[in-house]
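The values are calculated or read from the model by the stated rules, or taken from the named source; none is laboratory data. Quantities reported herein were computed from a predicted structural model and do not represent experimental measurements. Ideal geometry is used to build each Cβ from the backbone, glycine not excepted, and the neighbour counts take in all protein chains shown. These area figures cover heavy atoms from the full protein model, side chains too; ligands, DNA and RNA do not enter into them. Shrake-Rupley method; radii C 1.70, N 1.55, O 1.52, S 1.80 Å.
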Amino acid sequence: MRKWMIGVAGLAAVGAAVAALLAFRGGPDAYATLRQTGVQELPGSLGFELRPPPDGFVPAIDPEAARTQGTYGDRARRTAVLSLATVHDRFEGTDATAWVVLTRGICISDFKGELVQASRHPNRQGICDDRNLWFEMIDATTGDSVLRTRGYDPDVTFALARAGSTI
């Protein structure tokens with residue numbers, strides 16, 4: 001009987017320690033499958049790369065809030081893929097931990113001649129397709145947009161390196 005009571009007391013102590021650890025950590029990571037797992041250069045973005053977020057970082061903004069923050073319409077919101085990452089600018093040496101919202105097929109004609117060029121293209125449908133990438137980085141603490149940039153994926157193979165699905 002005494003061994004049984006010692007075993008129960010030991011098990012209770014272990015359970016309390018695990019509960020205290022989880023309470024101290026804030027519980028299991030709700031966004032573990034969305035965390036960036038490796039370093040990736042954003043294709044065609046001239047110097048931006050994604051890195052894993054700091055260990056233990058807990059975003060104040062949830063992924064759905066970041067998705068709806070995106071600036072380019074309902075299609076972008078429906079098809080966007082997210083990753084929680086540290087965005088690093090190799091030229092400036094700056095970092096920001098943000099929700100990276102990636103959308104394919106979003107083209108923004110903001111350079112001189114792009115609107116005219118697109119209207120003269122023989123295959124207007126093919127000028128903006130899944131090779132064109134739009135990245136928007138939403139600060140995971142404040143919800144502010146910290147970076148918007150486009151990229152180009154000639155082989156349509158780029159996928160965010162997340163702990164979960166790479167879709």
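In the list Ala96, Ala85, Ala80, which residue meets the criterion of being open to solvent by less than 60 Å² (accessible area, probe 1.4 Å), under 19 Å from Gly164 (Cβ atoms) and modelled with pLDDT of 90 or more? Show your work before the answer.
Working: Ala96 fails: under 19 Å from Gly164 (Cβ atoms); Ala80 fails: modelled with pLDDT of 90 or more.
The conditions single out Ala85.
Using the structure shown, decide if Thr141 is open to solvent by 70 Å² or more (accessible area, probe 1.4 Å), among the hydroxyl-bearing types (Ser, Thr, Tyr), modelled with pLDDT of 90 or more and at negative phi.
On the way: open to solvent by 70 Å² or more (accessible area, probe 1.4 Å): yes; among the hydroxyl-bearing types (Ser, Thr, Tyr): yes; modelled with pLDDT of 90 or more: yes; at negative phi: yes.
Yes, satisfied.
Taking the conditions exactly as written (modelled with pLDDT of 90 or more and not charged (D, E, K, R)), does Leu115 satisfy them or not? Spell out the reasoning first.
Values: modelled with pLDDT of 90 or more: no; not charged (D, E, K, R): yes.
In short, no.
Does Arg124 satisfy the criteria of being at pLDDT below 90, open to solvent by 60 Å² or more (accessible area, probe 1.4 Å) and over 13 Å from the mean Cα position of the chain (by Cα)?
Working: at pLDDT below 90: yes; open to solvent by 60 Å² or more (accessible area, probe 1.4 Å): yes; over 13 Å from the mean Cα position of the chain (by Cα): yes.
Taking the combined requirement at face value, the residue satisfies it.
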